[in-house]
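Here the structure comes first, spelled out in structure tokens, and everything after it is commentary.
The values are calculated or read from the model by the stated rules, or taken from the named source; none is laboratory data. Keep in mind the model is a prediction, meaning the values are calculated, not measured. Glycine also receives a Cβ, built like all others from the backbone with ideal geometry; neighbour counts cover every protein chain displayed.
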Amino acid sequence: MIYYLIVLVVIIGDRIVKHLISSGMMPHETIPVIENVFHITYVQNSGAAFSMWENQWVLLIVLPFVALAAGLVILFLKRKNWNRLTLTAIAFICGGGLGNLIDRIQMGYVVDMFDFRVFPVFNIADIFVCLGCGLLLLDALLSERKKKKDDR
């Protein structure tokens, strides 16, 4: 199924980039791409977004595992009833979430690397979680617009 393939591609892409960073750099090492604007910085994030909840394994492993398992089940159960945008959004969120969850389970931290100097350092998985959330928002707005149009 295409949505599980999306999940897998996101996980594999995330794992490859994280492997390249963690095997080629030392923690906190930074490589300027555009000086003072964008750097590749190797960070080991033991917390969640913005390093919150460090060392809180229930919040960082158990709850995400349950939520991601539910997302994967939804992809299977709703694949014929829900639109492609919603299913793609869920696949992006699951792929990114699983990419970070694999890090937490394997190493106790998430590898982050994209550093814009004015925002916390993030990774490929984070990008896909955010893209998925954005697509869900877009889908909700489009659905509401269509509903209002149909009500006229």
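Applying the criterion of being more than 19 Å from I61 (Cα to Cα) and hydrophobic (A, V, I, L, M, F, W, C) to the residues of the range 117-126, the residue that is modelled with the lowest pLDDT is F119. Being within 13 Å of K18 (Cα to Cα), of a type outside the set (V, I, T) and either surrounded by 13 or more Cβ atoms within 10 Å (Cβ to Cβ) or at pLDDT 95 or above (or both) is true of F114.
Listed conditions (1) at positive phi; (2) at pLDDT 95 or above are all met by P27, apart from (1). The set of residues in the range 1-49 being in contact with a His (Cβ under 8 Å, 6 or more places away or on another chain) and surrounded by 13 or more Cβ atoms within 10 Å (Cβ to Cβ) consists of T30, I31, P32, T41, Y42, V43. In this structure, does L141 turn out to be surrounded by fewer than 13 Cβ atoms within 10 Å (Cβ to Cβ) and either within 22 Å of K18 (Cα to Cα) or modelled with pLDDT under 95 (or both)? So L141 fits the description; yes.
Identify, by number, the condition in (1) surrounded by 12 or more Cβ atoms within 10 Å (Cβ to Cβ); (2) modelled with pLDDT under 90 that G95 doesn't meet. Of (1) surrounded by 12 or more Cβ atoms within 10 Å (Cβ to Cβ); (2) modelled with pLDDT under 90, only one is false for G95: (2). Beta carbons closer than 7 Å, at least 6 apart along the sequence or on distinct chains, pair a first residue in the range 80-104 that is more than 15 Å from L131 (Cα to Cα) and touching a residue at least 12 places away in the same chain (Cβ under 8 Å) with a second that is assigned to a helix (DSSP H, G or I) and among the aromatic types (F, W, Y) for L101/F65. Restricting the range 116-152 to residues that are of a type in the set (A, V, I, L, M) and part of a loop (DSSP other than H, G, I, E, B) leaves a set whose member that is nearest to the chain's Cα centre (by Cα) is V121.
Scanning the range 52-75 for residues that are at pLDDT below 90 and exposed (fewer than 15 other Cβ atoms within 10 Å of the Cβ) returns M52, W53, E54, N55, Q56, W57, V58, L59, I61, V62, L63.
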